[in-house]
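Just below is one structure, and these are the notes that go with it.
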Amino acid sequence: MKKKILVVSPTPTHPAIAGNRKRIFTMLKSLQKMGCEITYVLDDQEGTGGHTTAQTDFEGMKKEWEFFFRVQDFEFLPARQGPYRLRFMQEVGAFLKKYFYGLYEILAPSWLRLRMLIHQETESGEVLDRRPWSIDSRYNSSLSLVLAELYQTRKFDAMLVEYVFMSRALLGFPGSIGVIDTHDVFSDRTAKLKEKQVKNTFFNTSSDQEGKGLDRADTVIAIQEEEAEFFRGISSAEVVTVGHITPYIGTDSYSGEGRSILFVGAGNVENIEGINNFVESVFAPLVAVRSGWRLYVAGNVGKFLERQMDEIVCMGEIEDLADAYKMADLTVSPINVGTGLKIKVIESFAYGVPVIGTAHSLTGVPEVFRDCYIAVKSGHEFREAVESTLDNPGRLKMMHISCRKAVEKYMEQNNRNLKKIFFSE
């Protein structure tokens, strides 16, 4: 009999055009191959951040997973309209955030406390903490109603929740196993990004709040071992590392000309900062003295390039990334901010393409990939590494060959850990 897994996610799996989507998709496909039945519940929170322009493919998810539900499609009694004072404060807050962000940051803590006094949202008799650093600040109360309906008609062996800020979904789950796939560390994330002069546009919390969310699970999935150690320090839940699951899909031979560089990324702040720094400090100086080189930029991040050059080709969001990787001699990962394993680094290895990246962007990449990448610490080192690697076809070929064996070993470990979580008795 198939294991029935209920998946709760704020992001869709289709189209799989961003790292988090690919992460979820490949993990669930592996679980299907192990004999699991997937019920996917989407609390559709994505699409307002500008990271992607692609339309969510609801029909694709209905076909891919055994059962698919979108929280926003369920009808409940309309909520009582909030008091006029609350609605006024929401509108003013949105205005300040958009046009006077510095002032908004100063006022936000007191502003949120005042809003909570005016309008106390409750769930099961508990007042939900909607302050931005609360672990439940992004939680949709309607999701709990949808889950309650599903529990009445279906029995699940396990629930898999994507992201710790969705962990409230685990409360009251009648199944046997509750799991959180973390994707990232969110404790003090804003402060870490500010050190790099990057304005955070995603979720930020404290270690106490993140630990509270993780403690709601029986098992926590970390995407890399360094983050697993952090989670073990703030939570009593079991922590298991499962990296990005992807089979080797590259070619068996490398025959490139050593002239094509690829960057893949969605339009988030980390990628925007990274690609613009790479163009200014690495690529532009190189092509000023070298001819015939091309930088291909795949993904929505190309819309945010500050410098246009004949040598840069923006491919936009493409349905099949194989079209991008098959023309690449190497991939670059010039990311200096953010946490979490960089999905596109592992993805590049899966396509058989080696990576040159910053030491930060390659943090957490397992030792098994040591012959597949070069880590650099400065723009000068980056330029030297790109130039020397593209000028050495023999070295490039050996790095391409190393990717296959490394990816196969990596997959074995990930699938072993995934089975440990969902199939251990």
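The values are calculated or read from the model by the stated rules, or taken from the named source; none is laboratory data. Since we're looking at a predicted model, the values are computed, not measured. Cβ atoms come from the backbone with ideal geometry, glycine included; neighbour counts cover every protein chain shown. The protein model used for the area step is the full one, side chains on, heavy atoms only, and it has no ligands, DNA or RNA in it. Shrake-Rupley method; radii C 1.70, N 1.55, O 1.52, S 1.80 Å.
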message = So Phe186 ticks every box in (1) among the aromatic types (Phe, Trp, Tyr); (2) out of contact with any Ser or Thr (no Cβ under 7 Å at 6 or more places or on another chain); (3) at pLDDT below 95 but one. Which box is left unticked?
response = (2)
query = Mind checking whether some residue in region 342-353 is buried (at least 22 other Cβ atoms within 10 Å of the Cβ), part of a helix (DSSP H, G or I) and touching an Asp or Glu at 6+ places or on another chain (Cβ under 8 Å)?
reply = no
ask   = Phe58 fails exactly one of the following numbered conditions: (1) more than 19 Å from Lys342 (Cα to Cα); (2) in contact with a Phe, Trp or Tyr (Cβ under 6 Å, 6 or more places away or on another chain); (3) modelled with pLDDT under 95. What is the number of that condition?
value = (2)
request  = Could you run through region 19-44 and say how many residues are part of a strand (DSSP E or B) and open to solvent by 10 Å² or more (accessible area, probe 1.4 Å)?
outcome  = 1
ask   = If you scan region 14-31, which residues turn out to be in contact with a helix residue (DSSP H, G or I) (Cβ under 9 Å, 6 or more places away or on another chain) and modelled with pLDDT of 95 or more?
value = Phe25, Met27, Leu28, Lys29, Ser30, Leu31
message = Could you tell me how many of the residues in region 221-230 are modelled with pLDDT under 95 and closer than 22 Å to Phe25 by Cβ?
response = 3
Which listed residue is of a type outside the set (Val, Ile, Thr) and part of a strand (DSSP E or B), from Met327, Met309, Met315 = Met315
inquiry  = Here is a check on your reading of the model: is Ala266 of a type in the set (A, V, I, L, M), outside any loop (DSSP other than H, G, I, E, B) and either open to solvent by 10 Å² or more (accessible area, probe 1.4 Å) or touching a residue at least 24 places away in the same chain (Cβ under 8 Å) (or both)?
reply    = no
query = Using beta carbons and a limit of 8 Å, which pairs, at least six apart or on different chains, have the first residue in region 208-237 and within 25 Å of Ser361 (Cα to Cα) and of a type in the set (S, T, N, Q) and the second one at pLDDT below 95 and open to solvent by less than 80 Å² (accessible area, probe 1.4 Å)?
reply = Gln224/Gly243; Gln224/Gly340; Gln224/Leu341; Gln224/Thr363; Gln224/Gly364; Gln224/Val365; Gln224/Pro366
Glu280 farther than 25 Å from Met399 by Cβ, open to solvent by 10 Å² or more (accessible area, probe 1.4 Å), in a helix (DSSP H, G or I) and modelled with pLDDT of 95 or more = yes
message = closer than 30 Å to Asp136 by Cβ and surrounded by 18 or more Cβ atoms within 10 Å (Cβ to Cβ): is that true of Gly250 in this structure?
response = no
ask   = Just one of Gly258, Gly243, Gly175, Gly233 is modelled with pLDDT of 95 or more, of a type in the set (Gly, Ala, Ser) and either out of contact with any Pro (no Cβ under 8 Å at 6 or more places or on another chain) or part of a loop (DSSP other than H, G, I, E, B) (or both); which is it?
value = Gly233
message = Being closer than 26 Å to Cys403 by Cβ and without any contact (Cβ under 8 Å) to a residue 12 or more places away in the chain narrows it down to one residue among Ser291, Ser255; which is it?
response = Ser255
task = Quick one: in region 130-175, of everything that is hydroxyl-bearing (Ser, Thr, Tyr) and open to solvent by less than 50 Å² (accessible area, probe 1.4 Å), which residue is farthest from Arg70 (Cα to Cα)?
result = Ser134
ask   = Which number in (1) open to solvent by less than 30 Å² (accessible area, probe 1.4 Å); (2) touching a strand residue (DSSP E or B) at 6+ places or on another chain (Cβ under 9 Å); (3) closer than 21 Å to Val376 by Cβ marks the one condition that Val337 misses?
value = (2)
key: Within region 201-230, tally of residues that are open to solvent by 20 Å² or more (accessible area, probe 1.4 Å) and either of a type in the set (A, V, I, L, M) or not in a helix (DSSP H, G or I) (or both)   = 7
